[in-house]
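The values are calculated or read from the model by the stated rules, or taken from the named source; none is laboratory data. Since the structure is predicted, the reported quantities are computational estimates derived from the model, not experimental observations. Note that each Cβ is placed from the backbone with ideal geometry, even for glycine, and that neighbours are counted across all protein chains shown. For the accessible areas, the whole protein counts, side chains as well, though only heavy atoms, and no ligand, DNA or RNA atoms are used. Shrake-Rupley method; radii C 1.70, N 1.55, O 1.52, S 1.80 Å.
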Amino acid sequence: MILDCLNILFGLFADDNSPRRAAPPGGAVLASGPCGLASHTNFSALRGQRVLALLDWENLQYSLKNIHGARFSPAGLLRAMRGAARSVEPLAVLTTKPECNGYQRTLEDAGFRVIAMPREYVETCRGRELRANSDPTLCFEAGVLASHAKRGDTVCLCTGDGELGTVCAKGFRRHHGKNVRIFTAGVPRAISRQLGHSSDLFDGSPIEIGQDCIERSASPQRTHHRPTNRNHTHQHHD
């Protein structure tokens, strides 16, 4: 049933008759900065494209914090993408505590259209626990956002989560074939091996975000590695 809903939702995005423009190959690898990130994100694959950007906020936020000690900047990501693309329609999905909406406001202020899903308390063998929503729910909500999006040539899935990225990519491929180009963008050292290694799904290797996608004013953060359980952190799966 979930897959049927995703088929309908992803099928509403884009125009099957849209021309599939060729994009130039990726440029040279840029030197890494103090936090281990390149100085700029190489979005040359999106040059001249009308892009639908789907952001998995928690994946990028926690990956940057835990691995690189940096704070993610949604506005920086959007500026970097718009510097290459013809146009960008930014969409974001996230889970949050019901009483907290600060992250949603940050994304909306940056220009993203947002669906925020409340985390839920569930009964487990360890007692009552607060859990985030699972991949099927996130995929469904991403499909809802995509169904209301403008028509475009290219989808950029901003996540390092292999399961989420692959399911979304398959949804677009089923309905639009090669009329839509699909890329992923994620945090270096936090990108699943599932992403970018299938020519049937993706049109290139994952794009590694750089220092232009982090908050420059924030001091380096100490890395506190969070558990990789999807129910808590929405990290990537291989």
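Hey, any hits in the range 170-178 for a residue that's outside any strand (DSSP E or B) and touching a Ser or Thr at 6+ places or on another chain (Cβ under 8 Å)? Steps first, answer last, please.
Start the filter on the range 170-178 by keeping residues that are outside any strand (DSSP E or B), which leaves 170-178.
Now narrow it down to the ones that are touching a Ser or Thr at 6+ places or on another chain (Cβ under 8 Å): none.
No, there is no match, as no residue in the range 170-178 is outside any strand (DSSP E or B) and touching a Ser or Thr at 6+ places or on another chain (Cβ under 8 Å).
For the range 34-48, does any single residue satisfy the condition of being assigned to a helix (DSSP H, G or I), within 27 Å of Arg174 (Cα to Cα), open to solvent by 10 Å² or more (accessible area, probe 1.4 Å) and modelled with pLDDT under 95?
no
Name the residue, out of Ala92, Ala70, that is touching a strand residue (DSSP E or B) at 6+ places or on another chain (Cβ under 7 Å), surrounded by 19 or more Cβ atoms within 10 Å (Cβ to Cβ), assigned to a loop (DSSP other than H, G, I, E, B) and touching a residue at least 24 places away in the same chain (Cβ under 8 Å). Before the answer, list the steps.
Details: Ala92 fails: assigned to a loop (DSSP other than H, G, I, E, B).
Residue meeting the stated conditions: Ala70.
Between a first residue in the range 36-65 that is more than 21 Å from Asn179 (Cα to Cα) and a second residue that is modelled with pLDDT of 95 or more and of a type in the set (Asp, Glu), which pairs have beta carbons less than 6 Å apart while being 6 or more apart in sequence or on different chains?
That search, which allows pairs on different chains as well, returns His40/Asp212; Thr41/Asp212.
Quickly run through the range 169-193 and pick out the residues that are crowded, with 22+ Cβ neighbours inside 10 Å and in contact with a Gly (Cβ under 8 Å, 6 or more places away or on another chain).
Gly171, Val180, Phe183, Thr184, Gly186, Val187, Ile191, Ser192
Within the range 198-206, identify whether any single residue is in contact with a Cys (Cβ under 8 Å, 6 or more places away or on another chain), surrounded by 12 or more Cβ atoms within 10 Å (Cβ to Cβ) and at pLDDT 90 or above, and answer yes or no.
No, every residue in the range 198-206 fails to be in contact with a Cys (Cβ under 8 Å, 6 or more places away or on another chain), surrounded by 12 or more Cβ atoms within 10 Å (Cβ to Cβ) and at pLDDT 90 or above.
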